[in-house]
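Since the structure comes first, as structure tokens, the remarks are kept for the end.
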Amino acid sequence: MMKKLLGLTAMLAFLGILALPAGAEPVNGFIYKNATEAGEGFSQTGVYKTGKAECKSYFALVALGNCSVNEAAKNGKIKNVSYFDTHTRNILGYKKVTVQVYGN
């Protein structure tokens with residue numbers, strides 16, 4: 001009985017850690033998430049180019065990649081970023097975040 005209770009407690013603690021919000025995400029989905037959130041605007045320049053950067057997380061245990069605004073701007077050869085969007089897709093702990101920047 002004690003082993004079952006201890007196992008259940010450990011599993012609930014693990015699931016609680018996975019459910020913690022990562023950063024300042026306005027929408028969280030532990031089991032499934034497929035949402036795009038607007039980032040901030042930086043300037044009033046025209047939009048002629050786009051750039052993307054992505055990173056991945058595996059069950060909140062391993063995270064790989066660079067999904068920063070700077071990396072996305074570098075990938076799109078953008079010098080002046082007008083604004084950016086962040087798209088997050090999470091399926092049962094496998095999480096992929098794509099940042100797309102717009103500018104010239």
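Looking at the stretch 68-104, the trypsin sites (Lys or Arg not before Pro) that sit in a DSSP loop and have at most 15 other Cβ atoms within 10 Å of their own Cβ are LYS77, LYS79. Taking a point 7 Å out from the Cα of THR36 in the direction of its Cβ, the residues of the stretch 71-104 whose backbone N falls within less than 11 Å of it are 85-88, 100-101.
When Lys and Arg each count +1 and Asp and Glu each count -1, what net charge do the other residues less than 14 Å away from LYS52, Cβ to Cβ, add up to? Result for the neighbourhood of LYS52: +3. Extending 7 Å from Cα along the Cβ direction at SER68 and again at CYS55 yields two label points whose distance is 0.9 nm.
Model label sites at LEU92 and MET2, defined 7 Å from Cα along the beta-carbon direction, differ in position by 3.4 nm. Only one residue of ASN70, GLY93, SER57 has its Cα farthest out toward the positive end of the dipole of the stretch 49-104, where Lys and Arg carry +1 and Asp and Glu -1 on Cβ, and that residue is ASN70.
A short reminder: the numbers here are calculations on the coordinates, not readings from a lab. Fair warning: this is a prediction, and the values are worked out from it, not measured in the lab. Glycine also receives a Cβ, built like all others from the backbone with ideal geometry; neighbour counts cover every protein chain displayed.
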